[in-house]
Amino acid sequence: MSTQVEGFVLTSSPHIAAPSSTQRIMFTVVLTLLPAVVMSVFYFGMRVLGLYVLSIAVCLATEVVCKLLRKRSPMSITDGSAFVTAILLVMVLPPAISPIALALGAVISIFLGKEVFGGIGYNIFNPALVGRAFLSAAYPVQITTWTQPNRFFSFLPASVDAQTQATPLAAARFEGVVENIPNLLLGQTGGSIGETGAAFLILGGIALFALKLIRWQNVLAFLGTVFVLTGIFHLIDPETYAGPVFHLFSGGLMLAAFYMITDIVTTPYTPIGNMIFGAGVGLLVVLIRLFGGFSEGVGFAILIMNALTPIINRYTNLKPFGYVAPTEAA
Amino acid sequence: MTLKTFRKGVHPHDHKALTESLPIEAVPIPGTLLIPLSQHLGKPATPVKERGAEVMPGELIGEADGFVSAKVHSPVYGTVKKIVQQPLPAGRMSDYVEITVDREQTAEHVWQPRELDWDMLTRETVTAGIRDAGIVGMGGATFPTHVKFSPPPTAEIDTLVINGVECEPYLTCDHRLMLEHTTHLLDAIRILHRGFAFKKILFGIESNKPDAIEAVTRAAAEVTDAPIEVVPLKVKYPQGAEKMLIYAATGRTVPAGKLPLEVGVIVSNVFTLSALADWFLLGKPLIDRVITVSGNGVQNPRNLRALVGTPFARLVEACGGISDSVVKVLAGGPMMGVALPTMDYSVTKGSSGLLFLTDAEVPAEGNCIKCGRCVDACPMNLMPLTLAAYARANKFLEAKELHLNDCFECGACAYNCPAKIKLVAWIRYAKNYVRVHKL
């Protein structure tokens, strides 16, 4: 014990910090994705597990190369964001995607989706969706080829698209056949690797809420907008338009609701901004699904709203506590 | 029962268990006192004692220079050795009066209760007393208290809010004062009430101090000549900030850039009250205070009553020394306190804590991931991430337009930031630039 010590650390206040970090946030997101990831392997086979591994490896390698080219520390890969991107990319692709296509998509996700903007935090668009958008242009056939899942929950009625080899959304849109809800919830339909099985995504979403990693504002605005708009069209013409519950649980909607429109980097940072963002994505999804050239439009809807995020932020700045509007100059 | 509070804020671990149950102990009278003449916001006091002058307890050694300034008194019998220039903990230079203490004579000195004529207490005499006693806001801001209690005649003050929140982690001096000197505090409130005839007197205490809430409530029930109401508050930082406490206790919102008197409120810290009672009941000016010496790096954490001017080294001795693993020394609390380069400072009227931290990891700033946790934390409802980004880009005017100057640097944003961005430091940088360049 002494009474005099020199060389103390000098920093600006505050001198303590909450036990949170970017890394912790990212890996927690990965953990909450696990139920859906595990189920996707059950649905579409061990091949899918290989795809996840490949995607993670390529994403990490791409980030390392980008960082070295930019003369920055490649240790940024430990922040976990490349893991999130890698896993989400696999989840939004069809089960039959070729390893080459996936690897290319992974490179594009990290390089064009994140690193060209300056790395984590600076990207405008959701990296995984940038990769998917690229693949839908580069591999238009692969990206619309669907395989049926293993009948894991055998007590459920047969899926309507078992014969058509389509997704429930395509079946509803182009053939007027509506999938039953339990099949959608438990992933017994065709669809992207990690988008079927809405129930398991909701499970992860609940965990994210409980851990305060996502806000309710954007999720509610998004789901509410989709529900109300598809509901209105269904009421007007039930023959042409499937019901709102079907829309909520089909396609990429649940994955988007909890993991895409809640991506912290590419969405607004105020509650009101988040609401606008969520409602905007909801509106675009409904427009694309009901009137666009594709049966699913979640990915593009999010990318469009990502582009609007900076401007939403600009117009949703908060007013300070006790704010008094400047009075008219005399 | 739902506890009152303000909007937003954060929940740091409070570390108060280290000292909250330890009674206040006096530091042995030091042989030398180093008393800064600038212990308050506003103009420094001017020295009135020459080198070699004999002083006695309570004698004026620094005269207030103008209205927004405060008097400084000698706490001891002794001799003025010299007047030196030294930095204050915050870095600014100040004149210090160095007094060689006559320890024996000082030890014999006792402040005798004096007869207070309650009928002569008016707004003017109370304010004059506060000024004569050299009282400043002892919660940390050190704003001269008599200025607060001199509202313009147009202001209608109807509420007194007592700040017993002590929301900074580690600090427990206010807590101990409320427990050990409850009636003394209430006497101060009664004196103020004589002068100001408040409609309401709200005593805000956070619910992590149930014994203080109980003690004050019980003692307040005995008071018949002042309408004192204890308001238990939900534990949240920075509830002790004036505007936050006013909102929590009264529901009133102080307009941005304005003072509490705009909404008819005066806020006073419990220590400030204690000093006020010392003056009116004992004739003792503000010459000592309680300071919490704590942190994992100090041998025996304590709540110490120390004379103003006591070198920090004497406090360390009184606590059994510090460990070699100390990496950071703080004057004040960990959220708003100042990191010290050495221990060559002394106790001032605003010293609430002296902390020795053994863990001072300084993580590198990461990229902002736009998560908005700073926005969720800011009690002033500002956009810290945007303000910091503007500061980094030298866009000071843009930052000012985003209400930069409403930030009072509580640190909630930086505390919450997962990317460990020094938000407060950036915002402070921008504020300084805006002030210096008069943008």
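Nothing in this text is a laboratory measurement; each read-out follows from the coordinates by a stated rule. Treat the numbers as computed from the prediction; the structure is a model and nothing was measured. Quick reminder, even Gly has a Cβ in these numbers, built from the backbone with ideal geometry, and neighbours come from all protein chains shown.
Here is how the numbers come out for the structure above:
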{"read-out": "Quotient of Cα Rg and 2.2 N^0.38 Å for chain A, N being how many residues it contains", "value": "1.10"}
{"read-out": "Rg and Dmax [Cα atoms of the protein assembly as shown; Å; Rg one decimal, Dmax integer]", "value": "32.0, 105"}
{"read-out": "Å³ per residue enclosed by the Cα convex hull of chain B", "value": "145"}
{"read-out": "Sparse-neighbour loop sites [GluC sites (Glu not before Pro); the range B:342-433; at most 10 other C-beta within 10 Å; DSSP]", "value": "B:E361"}
{"read-out": "Over the range A:161-246: Kirkwood hydrodynamic radius from C-alpha pairwise inverse distances, Å", "value": "14.3"}
{"read-out": "Relative contact order computed over chain B (Cα-Cα under 8 Å; 6+ residues apart), in percent", "value": "19"}
{"read-out": "Alpha carbon centroid spacing (whole Å) that separates the range A:275-320 from the range B:151-219", "value": "51"}
{"read-out": "Backbone N within the range B:27-56 under 14 Å of label point (7 Å from B:K81 Cα along the Cβ vector)", "value": "B:30-36, B:51-53"}
{"read-out": "Cysteines in the protein assembly as shown lacking a second Cys C-beta under 4.7 Å", "value": "A:C59, A:C66, B:C167, B:C173, B:C319, B:C368, B:C371, B:C378, B:C407, B:C410, B:C417"}
{"read-out": "Relative contact order, percent, the range B:148-304 [alpha-carbon distance under 8 Å, six or more residues apart]", "value": "32"}
{"read-out": "Chymotrypsin sites (Phe, Trp or Tyr not before Pro) lying in DSSP loop within the range A:61-164, provided at most 16 other Cβ fall within 10 Å", "value": "A:Y122, A:F152, A:F153, A:F155"}
{"read-out": "Relative contact order (%) - chain A, alpha-carbon pairs under 8 angstrom, separation at least six", "value": "16"}
{"read-out": "Equivalent ellipsoid semi-axes - Cα gyration tensor, the range B:400-439, angstrom", "value": "21, 10, 8"}
{"read-out": "Shape parameters for the range B:373-436, alpha-carbon atoms, Rg then Dmax in Å", "value": "10.3, 31"}
{"read-out": "FRET E, pair B:E63, B:E317, Förster distance 41 Å, beta-carbon r, rounded to 0.05", "value": "0.80"}
{"read-out": "B:M93-B:N300 pseudo-label distance in nm [points 7 Å out on the Cα-to-Cβ vector]", "value": "4.0"}
{"read-out": "Rg to Rh quotient for the range B:74-222, alpha carbon positions, Kirkwood Rh", "value": "1.00"}
{"read-out": "Simple spin-label estimate for B:A128 and B:S207 in nanometres, 7 Å along Cα-Cβ", "value": "4.6"}
{"read-out": "Cα pair distances in the range A:168-313, grouped into 10 Å bins until the bin that holds the longest one, percent each", "value": "13, 44, 34, 10, 0"}
{"read-out": "For chain B, calculated [θ]222 nm from helices alone, where every DSSP H run of n ≥ 4 adds -39500 (n - 2.57)", "value": "-7500 deg cm²/dmol"}
{"read-out": "Trypsin sites (Lys or Arg not before Pro) restricted to DSSP loop in the range B:239-320 with at most 15 other C-beta within 10 Å", "value": "B:K258"}
{"read-out": "Stretchable slack from A:F209 to A:N150, in nm (0.36 nm times residue separation minus alpha-carbon distance)", "value": "18.2 nm"}
{"read-out": "Equivalent-ellipsoid semi-axes of the range A:22-143, from the Cα gyration tensor, Å, largest first", "value": "23, 17, 12"}
